[in-house]
Structures are given as C-alpha cells and as structure tokens.
1. Out of everything in the stretch A:153-196 that is touching a His at 6+ places or on another chain (Cβ under 9 Å) and of a type in the set (Phe, Trp, Tyr), what residue ends up being farthest from A:Val290 (Cα to Cα)?
2. Scan the stretch A:376-394 and tell me whether some residue there is exposed (fewer than 14 other Cβ atoms within 10 Å of the Cβ), touching a helix residue (DSSP H, G or I) at 6+ places or on another chain (Cβ under 8 Å), more than 30 Å from A:Leu70 (Cβ to Cβ) and polar (S, T, N, Q).
3. Quick one: is B:Leu27 touching a helix residue (DSSP H, G or I) at 6+ places or on another chain (Cβ under 7 Å) and either modelled with pLDDT of 95 or more or within 14 Å of chain A (Cβ to nearest Cβ) (or both)?
4. Tell me which residues, restricted to the stretch A:378-411, are under 19 Å from the mean Cα position of the chain (by Cα) and farther than 20 Å from A:Ala366 by Cα.
5. If A:Ala379 satisfies all but one of (1) touching a residue at least 40 places away in the same chain (Cβ under 8 Å); (2) more than 30 Å from A:Thr132 (Cα to Cα), what's the number of the condition it fails?
6. With a cut-off of at least 1 residues that are closer than 23 Å to A:Gln186 by Cα, name the strands (runs of 3 or more DSSP E) lying wholly within the stretch A:261-374.
7. Does B:Leu74 satisfy the criteria of being within 23 Å of B:Ala259 (Cα to Cα) and either within 14 Å of chain A (Cβ to nearest Cβ) or out of contact with any Pro (no Cβ under 8 Å at 6 or more places or on another chain) (or both)?
Amino acid sequence: MKTKAKPFSLTMLSLLTATAFLAAPTAAGAQEPLKIALVSFYSGPVSGPVGIPSRNGADLIIEAINAGTLPAPYSGAGVGGRQIESIYVDEAVDPVSEYRNAVQRQGVDAVVGYASSGSCLGVAPVAEELQTLTLLYYCGSVRTFEEGPKEYVFRTMNTQDVENIGAARYVLDTMKDVKSISGINQNYGWGQESWRDFSKSLQQLKPDITIKTELFPKFLSGQYGAEVTALSRNKADIIHSSFWGGDLDAFILQASPRNLLKNQTAVLTTGGTALQSLAKHIPDGTIIGVRGSGGVLAPKSDFNDWFRSEYEKKYGEVVTFPAYYMAQAVLALKAAGDIAAQKSGNSPSVDDIRTALRGISFETPAGTVAMDRHNGHQASTEIAYGTFKLQDGKPTLENVKRYAPECVIAPEGTNSLDWIEAGFPGAVCN
Amino acid sequence: MSLLLAIVIDGLIYASWLFIIASGLSLIYGVMRVLNMAHGSFYAIGAYVTASLVSWYFNHSTLPAYGSFVLMFLAAPAVGIVLGVLVERGVLRFLIERGELITVLVTFGLLLMFEDIIKLIWGVQSYYAFEPYGLLGSTDIGGLTFVNYDLAMIGVAAVVAVVLWWALNRTRFGKLLRAVIYDRELAVSIGINVSRVFVMTFATGVALGALAGGLVAPSITVTPGLGIEVIVLAFAVVVTGGLGSIQGALLGAVMIGLARAAAVNVYPELELFVIYAVMATVLVFRPRGLFALATSRKI
C-alpha cells in the first residue's frame with residue numbers, strides 16, 4: 001500500500017508544484033501596475049487653458065487612487081488593486097503616430113486622453129486596430145461612435161451636440177424673445193458641427209429664428225479684428241461660439257473692448273476656461289458653458305468639495321473644468337477595475353476593465369456619469385449653463401440651469417442630427 | 001458705417017501687423033539672401049518678453065500705466081538685437097556662402113530649437129499682457145467701435161515704413177546696404193565691411209520681428225507655437241511684394257490685409273483662400289513678386 005501511495009503523493013505534489021509555478025506568473029502579472037498614457041495638449045495655445053489643468057486633474061486623482069485616499073463611494077488602493085503608472089504624451093505632436101509609440105514602444109496598457117476632435121477621429125481606428133483600451137476624455141465629435149461601433153474606445157464625457165442642444169435650450173429658457181443669431185466658430189469639424197447643432201436646435205425649438213452671420217476663422221488664427229467688425233455690423237441677439245483654448249481668450253480680449261459682447265449676448269460653450277483668467281473682460285450677461293457640469297458648474301457634493309480643495313492645495317489655483325474631465329476618465333478606470341476585481345476576486349486584466357466599463361455608471365466630482373449610449377461606450381451626463389456676473393471683482397455664474405441627459409441627448413440608437421431635425425422626439429425636460 | 005470704410009480700417013490694422021513682421025524678413029533677405037525661417041521664433045520671443053515684462057510692470061511697479069508702452073517699444077527690439085547678433089555671429093556667418101538652400105534649412109532648424117528654448121524658459125502655460133490694449137480707449141467710427149491701440153498700430157507701421165525708407169535712402173549706412181544688395185562682391189571690392197553690414201542688418205530684421213510680437217502680445221494669449229503660425233503669413237506677404245523689397249512688403253501687406261478684411265465682411269468662406277489667391281495672382285503676372293530686386297547677371 002505504501003509503495004502504491006508514494007507515487008500518488010508524489011504525483012499530487014508534482015501537480016501542485018507545477019500548478020503553483022504556472023499560477024505564479026499569472027498572479028504576478030495581474031498585480032503589475034496599470035500603465036497608462038495621459039494625452040492632451042501639453043504645449044501650444046491649448047496647453048494653458050486645457051492641457052495643463054487636465055494633467056493636474058489626472059495626477060491628483062491618480063495619486064489618490066494609488067494611495068487609496070479617494071472619497072466615497074470609492075475605496076481601496078489602485079484600480080482593482082493595481083497601482084497606476086502614468087506617462088504623458090503631448091497631443092500637439094502627431095497624435096496618431098504618438099499613439100502607436102505609446103502602445104507599441106512604451107507598452108502602455110491603456111490610453112486616456114485627447115482634447116481635439118480631430119485627434120479622436122484619427123486615433124479611434126488605430127485603437128481598434130491595436131486592440132488597446134482607450135478612454136477619450138474631452139473631444140466632442142459625434143462621429144467617433146456614429147461612424148461605427150467600437151470595441152476598445154470609450155468616451156467618458158458628452159459629445160459636442162449635447163452642449164449645443166443644451167445651449168439652445170438655455171437661450172430659450174432665459175431669453176424668450178430671441179429672434180436672430182450669429183456664430184463664430186473654428187474652421188474644422190468641432191466648430192462646424194457645434195454651430196450646425198446649435199443653430200438647428202434653436203430653429204427647431206423656435207422656428208422664427210434667423211441667422212445673421214456665420215464665421216469660421218482658421219483654428220489658432222489669433223486675429224479677429226475683421227470678424228468682430230462683421231459681427232458688429234450685422235447685429236444679432238445672440239453670438240454663439242465654441243472657440244476654445246487660446247482662440248477663445250484672444251477673441252474675448254479683442255471683442256470685449258469693442259463692445260461686441262456687451263451689445264450682443266455671447267454664448268460661449270467652453271467659456272468656463274476663461275472665467276478666472278479673463279473675468280474682467282467678459283461682460284455681465286454672457287452665457288457660459290463648461291462642456292458638461294464640471295468646473296465652476298459642478299454640483300455641490302462631498303466628492304466635489306474634496307476635489308476642489310485638494311486641487312487648490314496642490315496647485316495653488318482654482319480648478320477649471322478640463323481637470324474635472326480628465327479626472328473623470330481616470331475614475332472610469334478605477335470604477336471599472338474595482339467592479340472587475342470584485343467579480344473575479346483577482347486583480348483585473350485590462351480586458352476585464354474594458355468589459356466592466358461597458359455600460360457602467362460611476363461617481364465623479366462633476367456628478368454621476370452613465371456609460372449608456374453607443375452600446376455602453378459613450379457617456380451621458382447632465383449639461384449645465386449659467387450667466388456670467390462679476391460680483392465684487394470675482395467671476396460668478398447666476399441663473400444656472402441643468403439639463404438632464406434625457407432632455408439633451410439623443411436616445412440610444414438614434415443619430416444625433418436626425419434627432420435634432422426631427423424635433424427631439426422623446427426628449428424629457430423639466 | 002459703410003462696408004467699404006469697415007474693410008479699409010480692418011484691412012489696414014491687419015496689414016500693419018503683417019508689415020512690421022514682413023519688413024524684417026524682407027530686409028534680411030534683401031541684404032543677406034537668407035530666407036530666415038526662424039523669423040517666427042523671434043516674433044514669438046518678442047511676444048513672450050513683452051508679456052512677461054508688462055505683466056511684471058502692472059503687478060509690481062508703481063509707475064504710470066502708460067510706462068508699459070515704453071517697455072514694449074524698448075524691450076522686445078532690444079532682445080531681438082541681442083539675439084540677432086548672436087545668431088548671425090554664431091551660426092549664419094559660417095554658412096552664408098554656402099547658398100540659400102543651406103540657410104533655409106539651418107534657419108528652419110533654429111525655428112524648431114527656439115520653440116523648445118521658449119518652452120524651457122517660459123513653460124507651456126499662457127501669458128497675458130492685456131493691460132496696454134485697453135489703455136488708449138476706443139473710438140466710434142460710423143457706429144462701430146474700434147480699439148485705439150489697433151488704430152495706433154497703423155501709425156506705428158507707418159513710422160516703421162518711413163524710418164526704413166529714410167535709413168535705406170538717406171543715410172550712409174543705407175547706401176552701404178544698397179551697395180551690398182545690388183552686388184555683394186563689388187561691395188567687398190570697394191572696401192565695404194560686408195560682415196558688419198550683415199550683422200547690423202540681421203539684428204535690425206530680428207528686432208522688427210520681435211517688435212511685431214511685442215506689439216501683438218496685448219491682444220492675444222502668448223503661448224508656444226505662436227511663431228510657427230505667423231511665419232507662413234509673413235512669407236505670403238514678402239513673396240507677394242517681392243523678396244527683399246521693403247516697399248513690396250508694404251504693398252503686399254496692404255493687399256493681403258484688405259483682401260482678408262473684404263472676404264470676412266462680404267464672403268467669409270473665402271477668408272483663408274483669399275490670402276493665397278492674392279499671392280498666386282501676383283505671381284502669375286509677376287513671378288518674382290511686385291517689387292522684385294534686380295539681380296546682376298554674372299558671367
């Protein structure tokens with residue numbers, strides 16, 4: 001019996017040892033840090049208002065995730081236990097090539113980034129080709145998902161149509177007698193589509209609206225003297241602009257002393273980035289958006305209070321909305337990773353995180369984000385607008401209105417432009 | 001306000017800015033035959049220096065606000081002169097005899113290097129120097145408000161044009177310069193110190209580029225990449241006017257400024273197209289630009 005039992009024990013021991021050896025690398029692999037690339041404009045005219053705050057927001061959240069100090073509802077260190085290791089990639093330098101470099105040469109597990117719609121449209125197919133988890137954090141083009149379903153690409157904030165539909169609703173809620181509009185938007189997809197969605201939405205909601213002037217200066221043009229004249233000569237009730245970054249700042253600086261923004265009400269859909277730096281140049285009554293509900297329009301919550309105070313403590317400045325949205329994307333990783341880890345009981349692989357991300361709902365300093373559009377790959381959040389007022393030398397937004405996703409976002413399966421042109425069927429607005 | 005008057009005012013404001021940049025570029029090419037791609041960097045450095053100093057002035061100085069204009073007119077050109085001397089003595093004088101293609105490549109390399117140097121010194125954040133922009137107030141012309149600072153730019157450009165004309169045509173140095181422009185070898189043979197002429201010309205050209213950057217700084221945000229955006233426009237102006245010709249740069253700037261203003265006010269879709277359409281049309285009829293310099297035929 002003993003002679004028979006010995007080989008059995010040895011076999012079991014051998015099997016257990018072999019299993020342990022086989023299992024060991026897998027477990028070690030799962031505990032490896034999650035290496036991510038944080039991509040935004042870290043140089044060029046967009047870096048100051050967008051890129052640097054975005055990076056700061058991401059760094060702050062990543063530090064808290066790794067240390068396990070994020071406020072509730074989050075708990076535990078890391079993304080399902082995996083620490084985040086980040087590298088920075090400058091979007092100003094050939095985004096598609098740099099995406100390949102980050103994935104193929106630097107071996108990142110996931111990419112979080114992209115402020116420009118052009119970058120997102122270029123990078124999305126490459127992400128699918130390289131099968132790399134990619135979270136778009138700021139760019140707004142609806143085409144990213146409307147041109148075909150994605151497996152590896154997610155966007156953790158609203159698309160550009162949402163903020164323009166929201167802007168149209170805000171205009172009508174606050175200026176009942178608006179009759180005419182003009183627009184000055186950058187001459188590429190973002191600007192063209194923003195103006196199209198705003199003007200079409202407004203005309204759907206109030207058919208007697210007339211369009212006075214439509215201008216599309218070159219991206220990063222910087223000089224708007226003739227544009228200000230053209231807008232001043234053909235006076236409208238509203239001037240819509242989706243200018244962002246340095247273009248937005250230059251336009252405000254040049255239009256303000258010429259009284260353009262005082263004589264006509266401006267709707268600046270990304271105006272929140274200029275709120276602090278150019279407060280004295282923005283006339284009272286200007287309608288300001290933040291591309292969602294981040295920054296100055298973030299709703300009151302413990303999470304928001306924490307984010308705001310930690311940011312000011314760390315960077316010595318008021319947090320602006322791009323910081324919220326990059327943080328939002330990193331938090332999506334954390335939320336999905338924790339869910340995946342809870343399900344499997346192990347540290348999650350990148351694929352586990354990707355699977356968990358689809359359709360997830362998670363908390364951020366700007367409120368709840370639901371990944372419930374485009375098969376769970378596109379976020380929907382509320383959108384907020386406010387009216388600028390300088391009070392005691394400090395910029396404030398009054399008459400703030402928040403629009404729920406079901407009021408401003410096309411239902412799942414419906415093309416955004418079709419929804420606008422059909423008159424927003426099924427929209428539920430309070 | 002009549003459309004024509006609006007176009008003329010906007011066009012002249014835009015042209016003034018273009019002329020100050022392009023005049024430096026054209027002067028350098030005219031005398032040295034160097035197509036200075038780094039001109040955009042000097043423009044950007046002028047803007048950064050001005051933005052930094054003006055910001056410091058308004059935050060720390062108790063002197064009158066108008067003192068910032070003195071700072072603007074002195075600081076950017078002064079830095080330009082220093083940089084011009086360094087680049088000409090340190091780099092270009094070794095390469096100038098090797099032909100225009102080499103100097104184009106070298107100055108393009110300098111453009112890229114200066115972009116990174118700017119980031120090293122000033123970082124990537126935006127700089128604002130908007131205080132001087134509103135200091136002069138505004139003027140209503142035919143129901144439209146124009147910023148006096150912008151209108152004053154027309155005057156500054158006119159002064160630059162007159163001073164350049166006077167310096168080139170009524171001074172001894174101008175005569176030396178013209179001698180070098182028309183025939184460098186002959187100038188050397190009659191004892192003109194061409195090396196000294198080159199360094200003075202390059203420093204003056206760079207100072208003009210820096211001055212343009214300094215003057216535009218209060219109306220924009222100063223950020224990396226500023227110089228690259230402007231260099232293409234400046235080349236369009238000097239090619240239209242004729243490489244190396246100051247009066248060509250002036251006329252080219254006015255034509256492009258007016259054409260752009262007309263397009264924005266009348267048919268905005270053509271805003272970009274019209275700048276290069278003006279250049280292309282001129283080149284069809286005058287392939288070397290409106291006021292191309294005569295070149296001596298050497299056998």
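1. Only one residue tops the list, namely A:Phe154.
2. no
3. Numbers: touching a helix residue (DSSP H, G or I) at 6+ places or on another chain (Cβ under 7 Å): yes; either modelled with pLDDT of 95 or more or within 14 Å of chain A (Cβ to nearest Cβ) (or both): no.
When the stated conditions are applied, B:Leu27 does not pass them.
4. A:Ala410
5. So A:Ala379 meets the others, but not (2).
6. Counting at least 1 such residues, we get A:265-268, A:287-289.
7. No: the conditions fail for B:Leu74.
One line per residue, one yes/no per condition, for (1) within 23 Å of B:Ile220 (Cβ to Cβ); (2) free of Cβ contacts under 8 Å to residues at least 60 places away in the same chain; (3) within 12 Å of chain B (Cβ to nearest Cβ); (4) in contact with a strand residue (DSSP E or B) (Cβ under 8 Å, 6 or more places away or on another chain):
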{"residue": "A:Pro257", "(1), (2), (3), (4)": "yes, yes, yes, yes"}
{"residue": "A:Thr265", "(1), (2), (3), (4)": "no, no, no, yes"}
{"residue": "A:Lys280", "(1), (2), (3), (4)": "yes, no, yes, yes"}
{"residue": "A:Ile288", "(1), (2), (3), (4)": "yes, no, no, yes"}
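The values are calculated or read from the model by the stated rules, or taken from the named source; none is laboratory data. Keep in mind that this is a model prediction, so the values were computed, not measured. All Cβ positions, even for glycine, are placed from backbone atoms using ideal geometry, and neighbour counts span all protein chains on display.
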